[in-house]
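S.K.: One structure, as structure tokens, below. Some questions next.
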Amino acid sequence: MLDKHRKTIRIQNYDYSSVGAYLVTVCTHQRIDYFDNPECVRVCREVWESLPEHHNVKLDQFVIMPDHVHFILWICGKPELGGDFNSDDNREAISLHLEATPSSSIPTILPSLRTIRPLIIE
């Protein structure tokens, strides 16, 4: 259960579907050391590695600690723009396109940081 009294560290009015890199920390419930268990670590790694299969994202750094995970995830932008962030040209083209396009005409295909979720691994 989430602590409803916890102060948010999110930037107000920031669009977390914006193209770019995000540093994320996810803590276990009650800070229990679940990641001392090799099976939990294996599942966590599988989920991490599967994210680009389901979302237009690029994986960067990923560190598993006993009770939390740190990672850097790139939201790459619209697939039809070649939004893979593999070159400066792609980054610039995506940024310029998004700046020049009225927000009402941009289809909602960009993932938001909060909507990026793994599919269940069997």
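All of the numbers you see were taken from the coordinates with simple rules; none came from a lab. Since we're looking at a predicted model, the values are computed, not measured. Heads up, the Cβs are rebuilt from the backbone with ideal geometry, glycines too, and the neighbour counts pull from every protein chain shown.
S.K.: In segment 14-38, how many residues are hydrophobic (A, V, I, L, M, F, W, C) and not in a strand (DSSP E or B)?
M.R.: 3
S.K.: Within the set of pairs 6+ apart or on separate chains, which have a first residue in segment 43-57 that is over 15 Å from H70 (Cα atoms), a second that is in a helix (DSSP H, G or I), and C-beta atoms under 7 Å apart?
M.R.: What qualifies is N56/P79; V57/L51.
S.K.: Can you tell me which residues in segment 45-73 are of a type in the set (A, V, I, L, M, F, W, C) and over 24 Å from G20 (Cβ atoms)?
M.R.: Correct list: M65 only.
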